[in-house]
Amino acid sequence: MDYTKILNKISEELSNFSNSGKIASYIPELSKVDPSKYGVHLYCTLGSHHAYGDTKERFSIQSISKVFSLTLVMKLLGDALWERMDVEPSGNAYNSLFQLERENGIPRNPFINSGALVLADILVSEYEKPKDEILKFVRNISEVTSIDFDEKVAHSEKQHGYRNAALANLMKSFGNIKNDISTVLDVYFYQCSLAMSCEELAKAFMVYANQGKLLKTGEEIVNPIKVQRINALMQTCGFYDEAGEFAFRVGLPGKSGVGGGIVAIHPEKYSAAVWSPKLNERGNSLLGMETLERLTTKTGLSIF
Ligand code: GLU
């Protein structure tokens, strides 16, 4: 399969695409990004990698980080985690409050904000320095030691994080947040501020395409059964209330973020990261989804 040729072809086709998406502006720092940025990077389990566009430039990965915190928590807790959250698509916006109230403070899944806040709470309970552990994990699986949080983005989100504070408070009232709310929010805002490039994200997500193992050394980072579950959650819950549309059009497990990044994996075959900051109405990168849809169409490789 000539992935480089396919990526070039897709990018050529999309060069005239009229992009009606909008950059996320509710975190002011995110609105400073150049909307014309575009990159796509694909890593194969056979070792080759293929790139087009701005694949080395770092951007705010935002919700994509929830896959990393889920993995860390699943390594720590096992099934006890599922007493504190469910594994169902929410069918609602990622920062919605009303479903959480109706369901007694139990988040629908780990990839909506409430779920990710519970994950952050668990990391605060389990680790003395949770932010350091997140960094250590991401640097390890991407094999890039310079990956870091973006302080400006973290502060910007903290200053405007009213809904996340509301979600955390609501869950605390139901007993589903155990630690101090500002400590939990701090971990969450920092993890969302992680800055990574498409190349680094595609590399990091190889763990999920490669049965939980690092490609280079074969070291097991997370056991294969847990990886299957994480991939199932990416498939069913990875795209806010557009997970059905993503499965329908693209047909791969993946996760998006409001920074305009999307990572998708094909188990045993590849991981692909794409970045284009303009989002559709549901908060997913508009060009990112177009790109991945064309990738699975042209390669004939969706998981279905
Ligand atoms: N940090 C963002 C928030 O909590 C993440 C949103 C996202 O990427 O879905 O609103």
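Here, each number is a calculation from the coordinates, and none is a lab measurement. Everything numeric in this text was worked out from a predicted model, so none of it was measured. Because the Cβ atoms are built from the backbone with ideal geometry, glycine has one as well, and the counts that use them run over all protein chains shown.
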In degrees rounded to 10, the 0-90 angle between helix 224-237 Cα long axis and the longest Cα principal axis of the chain is 90
Relative to the longest principal axis of the chain, what angle (0 to 90°, nearest 10) does the C-alpha long axis of helix 130-142 take? 20
Greater than 20 Å apart at Cα, pairs in Lys131/Lys213; Lys131/Lys178; Lys32/Lys278: Lys131/Lys213
Given springs between every Cα pair under 10 Å in a Gaussian network model of the chain, which of Ser18, Ser31, Ser125 has the largest fluctuation? Ser18
Pair Lys226, Thr4: separation of 7 Å Cα→Cβ label points (nm): 3.7
If you consider only alpha-carbon coordinates, what radius of gyration and Dmax does the chain have, in Å? 17.8, 54
Out of Met85, Met196, Met234, a Gaussian network model of the chain with alpha-carbon springs under 10 Å gives the largest mean-square fluctuation to Met85
GNM result for the chain, Cα springs below 10 Å: residue of Lys278, Lys255, Lys131 fluctuating most strongly: Lys131
Hull shadow area, averaged, segment 150-257 [alpha-carbon convex hull, nm²]: 8.8
Name the aspartates and glutamates eligible as straight-distance cross-link partners of Lys56: C-alpha to C-alpha under 19 Å, and not fewer than 8 places from it in the same chain. Asp34, Glu143, Asp148, Asp150, Glu199, Glu200
Against the longest principal axis of the chain, how steep is helix 3-14, in degrees 0 to 90 to the nearest 10, with axes from Cα atoms? 80
Centroid-to-centroid separation of segment 243-304 and segment 161-239 [C-alpha atoms, Å]: 18
